[in-house]
Amino acid sequence: MILTDKKILEEIEKKNIKIDPFDRTCLGSNSYDVHLGKHLAVYKEDVLDCKKHNEIIILEIPDEGIILVPNKLYLGVTKEYTETLIHVPFLEGKSSIGRLGIDIHATAGKGDVGYKNTWTLEISVKQPVRVYADMPIGQLIYFEISGEIGTDYSHKQSSKYNHITNMPIESKMYLNFK
């Protein structure tokens with residue numbers, strides 16, 4: 001079941017959900033709008049290798065915005081830091097973003113119970129489009145779970161994205177081959 005606005009507020013009050021910064025005007029009927037942070041990243045190499053650490057270049061979005069182009073993967077980051085202790089968060093793009101041809105995640109829209117961080121976005125565009133820091137980029141939807149969690153994300157030995165940051169995080173797939 002998807003949490004409603006009132007239930008999201010209750011869970012924030014109980015400290016089961018944390019959104020920082022939190023702005024009540026960003027709360028929809030059953031979601032919370034998140035914003036693009038001020039940093040993007042691109043990979044240094046044109047050909048990526050799943051077995052190696054693919055390095056990134058960090059870009060800061062200037063006040064006049066930055067133009068994203070097709071056939072390039074951009075890693076973005078949400079302005080908001082979130083914690084979700086007993087629910088499953090899903091990140092989806094806003095319809096206004098989709099109507100501009102912007103996809104904010106390739107495959108990683110679902111978070112895990114216990115995830116505590118900003119969200120790295122896998123951004124691609126259908127045609128050139130200018131984006132800005134702090135613009136609404138997506139929405140978080142929270143689902144109830146059934147059953148007890150054995151080990152939440154923040155305590156799993158195999159968790160690769162636990163280091164808290166306000167920067168985009170490159171793929172750590174290479175760690176699966178060690």
Inset, instruction - Search the structure for amide H atoms under 5 Å from the amide H of ILE137, placed 1.01 Å from N in the peptide plane, and list their residues when 5 or more places away or on another chain. - result: VAL34, HIS35, LEU36
Inset, instruction - Calculate one ³J(HN,Hα) per residue across region 8-15 by plugging θ = phi - 60° into the Karplus curve 6.51 cos²θ - 1.76 cosθ + 1.60, and present them in order as whole Hz with x for glycine and proline. - result: 4, 4, 4, 5, 5, 4, 7, 6
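Report the full-extension gain for the segment SER29 to GLU92: residue separation times 0.36 nm, less the Cα-Cα distance, to one decimal in nm.
Details: separation 63, 0.36 × 63 = 22.68 nm, distance 1.48 nm.
Value of the extension gain: 21.2 nm.
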Inset, instruction - For THR165, list long-range residues whose amide hydrogen, built 1.01 Å from N in the peptide plane, is under 5 Å from its own amide hydrogen. - result: THR118
Inset, instruction - Within 10 Å, count the other beta carbons around each residue, average over each peptide in 116-123, 93-100, and list them highest first. - result: 116-123, 93-100
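For the chain, what does -39500 (n - 2.57) per DSSP helix run (n ≥ 4), summed and divided by total residues, give at 222 nm, in deg cm²/dmol to the nearest 500? Write out the running numbers ahead of the final one.
Values: 2 runs with 13 residues, N = 178.
Value at 222 nm, helices only: -1500 deg cm²/dmol.
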Inset, instruction - Give the long-range amide H neighbours of GLY28: residues separated by 5 or more places, or on another chain, with amide H under 5 Å away, using H modelled in the peptide plane at 1.01 Å from N. - result: ASP33
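Work out the length of the dipole vector of the chain about its Cα centre, built from +1 on the beta-carbon of each Lys and Arg and -1 on the beta-carbon of each Asp and Glu, and round it to the nearest 20 debye.
Details: 22 positive and 25 negative charges, 65 e Å.
With Lys and Arg at +1 and Asp and Glu at -1, about 320 debye.
Evaluate the charge dipole of region 2-46 about its Cα centre and quote only its size in Debye, nearest 20, assuming +1 on the Cβ of each Lys and Arg and -1 on the Cβ of each Asp and Glu. Kindly include the intermediate steps, with their values, before the conclusion.
Working: 8 positive and 9 negative charges, 37 e Å.
That gives a dipole near 180 debye.
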Legend entry - Extreme residue, positive dipole direction of region 131-178, given options THR151, THR165, LEU175 (C-beta unit charges): LEU175
Inset, instruction - Mind checking which of TYR43, ILE97, THR84 is farthest towards the positive end of the chain's charge dipole, using Cβ charges of +1 (Lys, Arg) and -1 (Asp, Glu) about the Cα centre? - result: TYR43
Inset, instruction - Find the relative contact order for the chain and round it to a whole percent, using C-alpha pairs within less than 8 Å whose residues are 6+ positions apart. - result: 30
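Taking the Cβ of VAL34 as the centre, find all other residues whose Cβ is under 12 Å away and add up their charges (Lys, Arg: +1; Asp, Glu: -1).
On the way: positive: LYS79, LYS94; negative: ASP20, ASP23, ASP33, GLU80, GLU92, ASP134.
Taking every other residue near VAL34 into account, the sum is -4.
Evaluate the relative contact order of region 107-178 (contact order divided by residue number), counting alpha-carbon pairs under 8 angstrom at least 6 apart; express in whole percent. Before the final figure, lay out the partial values.
Working: 31 pairs, mean separation 39.1, N = 72.
Relative contact order, region 107-178: 54 percent.
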Legend entry - Estimated distance in nm for a label pair at LYS14 and ASN166, the labels positioned 7 Å out from Cα along Cα-to-Cβ: 3.0
Inset, instruction - State to the nearest 20 debye the size of the charge dipole of region 1-99 about its Cα centre, where the only charges are +1 on K and R beta carbons and -1 on D and E beta carbons. - result: 240
Inset, instruction - Could you order peptides 125-137, 149-161 by the average number of other Cβ atoms within 10 Å of their residues, highest first? - result: 125-137, 149-161
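Throughout, read-outs are computed from the coordinates displayed, never taken from laboratory work. All figures in this text were calculated on a predicted structure; none of them were measured in a lab. Ideal geometry is used to build each Cβ from the backbone, glycine not excepted, and the neighbour counts take in all protein chains shown.
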